[in-house]
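Written below as structure tokens is the structure these notes are about.
Nothing in this text is a laboratory measurement; each read-out follows from the coordinates by a stated rule. No experiment lies behind these values; they were computed from the predicted model shown. Neighbour counts run over all protein chains shown; Cβ positions are idealised from the backbone, glycine included.
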Amino acid sequence: MTNPLIHAFFVGRAVAEVVNEQIENALTDALSELGKFDAEQRERLRQFTTEVMERANREAANSYSGSSTTTVSSPGSAPTDIQATVDDLRAEIALLRAELQRRRSSSI
């Protein structure tokens with residue numbers, strides 16, 4: 001290569017290709033880490049929900065004498081929608097409030 005202008009062109013092209021590859025690798029790594037973080041957070045949320053539901057079921061089983069039972073499906077048994085779980089919890093709270101009011105009115 002006797003012409004320095006041609007040599008500079010190829011050096012510039014090689015620099016652009018290397019920089020492009022490094023940017024691509026960095027972006028791929030960042031997106032991979034983001035996906036990993038998202039998956040970990042979803043798993044933690046699922047574990048938290050499972051633990052809450054297990055504790056609630058244990059407490060409900062301990063507090064009920066068996067005359068009126070409410071069952072809540074365990075999130076670990078099948079994938080559930082969080083909104084459905086919230087709705088189930090609200091329904092159970094409403095039943096507990098009604099039972100509490102019934103007991104209060106019968107004790108007066």
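Of note:
- Net length gained if the chain between residue 62 and residue 40 were fully extended (0.36 nm per residue, minus Cα distance): 4.6 nm
- Distance (nanometres) between label positions extended 7 Å along Cα→Cβ at residue 30 and residue 97: 4.8 nm
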